[in-house]
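Okay, so here's the structure we're looking at.
The values are calculated or read from the model by the stated rules, or taken from the named source; none is laboratory data. All values derive from a computational prediction rather than experimental measurement. Because the Cβ atoms are built from the backbone with ideal geometry, glycine has one as well, and the counts that use them run over all protein chains shown. Areas reflect the complete protein model, heavy atoms only, side chains present, ligands, DNA and RNA absent. Shrake-Rupley method; radii C 1.70, N 1.55, O 1.52, S 1.80 Å.
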Amino acid sequence: MSPPPTDVMEAVVNLCKRRGFVFPSAEIYGGFRSTYDYGPLGVLMLRNVKDAWWRSMVQLRDDVVGLDAAILSHPKVWEASGHLATFADPLVDCRHCKERWRADHIEGACPGCGSTDLTDARPFNLMFKTYVGPVEDEANVAYLRPETAQGMFVNFMNVLQTSRKRPPFGIAQQGKSFRNEITPGNFVFRTREFEQMELEYFVPPADGPRWFEYWCAERFRWYTELGIPEDQLRLRPHEPEELSHYSTGTSDVEFLFPWGWGELEGVANRTDFDLKAHATTSGERLEYFDQASGERYVPHVIEPAAGATRSMMAFLIAAFDTDEVGGEPRTVLRLHPRLAPYKVAVLPLSKKDTLTPLARQVLAQLQPHFLCEYDETQSIGRRYRRQDEIGTPCCVTVDFDTLEDKAVTVRDRDSTEQVRVPIESLVDELGGRLRL
Ligand code: GAP
């Protein structure tokens, strides 16, 4: 039976710290304002989330190419995009305890001290501003990007000309974005430094609505394919007053977090807003010329914009489970094999010298194919539990019979079933099970 939701959140945060997924940043100095560091397992899992996205958005398609644009960005980019003028949250101060809050996140009273003596809301721009070079003046201002999207728009002509794509086609990008959030929180759900995975998909203007529907369905499917149950996901269309300044329609893919529904990804119809804005501000032509029809137009853009760090957290929560094995309670992360930090753990039954060389041989045979962990300390039962807890789909045990029969035991994380497999067919057997 699964634990109640509030306990799940606490248990997942605990597990992340204890097993090396996510650490509070600069913990030896008391942590640093809702920033987090990704540990040995977290770095593997986050990479797997991003690779699964890249596989689906770039590798399995022939109409999407990649980009990795600079994080430090020209102020003109954010002037044109509208972020300098409008990328702001309403901020209120509590006159009693001096804390600051997002006005739309509180209900008339300070969540810190309960006082209702609050200032009027005023806009607070969320972009991190810095200076490029040694002189800190207005001429040297730069911004850390608050979204990866603008890199795709300002490089539209570069990509169009070098990739020889034509609409409908997309540019995909993953990477860090920065927002000076007023109230970060809920672990890595809302942080000031986070990773995004965004696609800008350029289409002939008349086809915008059709592609919007396509990407909503496609992105919903991606989360379910990677193991989030459908009843913990929903597509929620934005109300007109919720829409961003650039969007004529947005639907969020939402996950049922332990505290309620929360956004994983926004799919927006950005129309020709961004290309036109950058064309006006830069004086460059940002258009597509269709040689066959002689038609020239500014493509419309459908944007599925996801959070990598936020999705990783949702995958962890959805995978978290507890059950009983052999009368003992166990914690198990039922992660999709593609997302699991390690795919295989190689476990010699005992630390005896007789088993180690063969176990290391098996490890070396598997390493070119799968990310493996090798663990030879503690009882085999405890080592299985450790692997279950970090979501390793398969354990391979090398025992004394292996010396004779050249076979190993493969144990399945979810069913705990064990089968004997000849070493020579181990790569194929694991490949078939993992379906990476
Ligand atoms: N280019 C459009 C855009 O950036 P967004 O809805 O503001 O849209 C897209 O961001 C996704 O980025 C969100 O759905 C969320 O997953 C992630 N994200 C946004 N702000 C975040 C934050 N402060 N912390 C973690 N993830 C965040």
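Remark: for residue pairs K17/K352; K98/K129; K50/K129; K17/K98; K50/K176; K351/K406, the C-alpha separation exceeds 20 Å in K17/K352; K98/K129; K50/K129; K17/K98. Let me check I've understood the local charge: for R296, count other residues with C-beta under 14 angstrom from its C-beta, Lys and Arg +1, Asp and Glu -1. What total comes out? Taking every other residue near R296 into account, the sum is -1.
So which trypsin sites (Lys or Arg not before Pro) in the stretch 364-431 end up in coil per DSSP with only 11 or fewer other C-beta atoms within 10 Å?
Here the trypsin sites (Lys or Arg not before Pro) that fit, given the DSSP loop and packing criteria, are K406.
Toward the positive end of the charge dipole of the stretch 97-188, with +1 on the Cβ of Lys and Arg and -1 on the Cβ of Asp and Glu, the farthest Cα among F153, I171, C110 is that of I171. For the chain, the per residue solvent-accessible surface stands at 48 Å², with DNA, RNA and ligands left out and a 1.4 Å probe.
The accessible surface of the chain, taken with every protein chain in place and a 1.4 Å probe, is 50 percent carbon and sulfur. When the helices of the chain are scored as -39500 (n - 2.57) per DSSP H run of n ≥ 4 and the total is divided over every residue, the value at 222 nm lands at -9000 deg cm²/dmol. The fraction of all Cα pairs in the chain landing in successive 10 Å bins from 0 to the largest distance is 4, 18, 26, 23, 16, 9, 4, 0, given as whole percents. 3J(HN,Hα) along the stretch 34-51, derived from phi through the Karplus expression 6.51 cos²θ - 1.76 cosθ + 1.60 where θ = phi - 60°, amounts to 6, 9, 9, 10, 9, x, x, 7, x, 5, 5, 5, 4, 4, 5, 4, 5, 5 Hz, with x in place of Gly and Pro. All Cα-Cα separations within the stretch 83-123 were binned at 10 Å from zero, giving a P(r) of 33, 49, 15, 2, each value a whole percent of the pairs.
In a reduced charge model with +1 at each Lys and Arg Cβ and -1 at each Asp and Glu Cβ, the chain shows a dipole moment near 820 debye about its Cα centre. Check the cysteines of the chain one by one and keep only those with no other cysteine Cβ under 4.7 Å from their own. Isolated Cys, the chain: C16, C216, C372, C394, C395. Dipole magnitude for the stretch 192-344: computed about the Cα centre from +1 point charges on Lys and Arg Cβ and -1 point charges on Asp and Glu Cβ, it is near 300 debye. Among 158-164, 177-183, sorting by the average number of other beta carbon atoms lying within 10 angstrom of each residue, highest first, gives 177-183, 158-164. Given Y297, N48, I182, which one lies farthest toward the positive end of the charge dipole of the chain, if we put +1 on the Cβ of every Lys and Arg and -1 on the Cβ of every Asp and Glu? In the chain, that residue is N48.
When DSSP beta bridges are restricted to pairs lying wholly in the stretch 297-436, around 65% turn out antiparallel.
Counting Lys +1, Arg +1, Asp -1, Glu -1, what net charge surrounds Q173 among other residues with beta carbon under 13 Å of its beta carbon? Charge balance near Q173 sits at -3.
Determine the percent antiparallel among the DSSP beta bridges restricted to the chain, to the nearest 5.
85 percent
How would you classify the stretch 27-165 from its alpha-carbon gyration tensor, with a ≥ b ≥ c the square roots of the eigenvalues: rounded for a/c under 1.5, else prolate if a/b is greater than b/c, otherwise oblate? The shape class here is prolate. With the simple model of a label 7 Å out from the Cα in the direction of the Cβ, R433 to T116 spans 6.1 nm.
For N180, the residues whose modelled amide H falls within less than 5 Å of its own, excluding neighbours fewer than 5 places apart on the same chain, are M127, F128.
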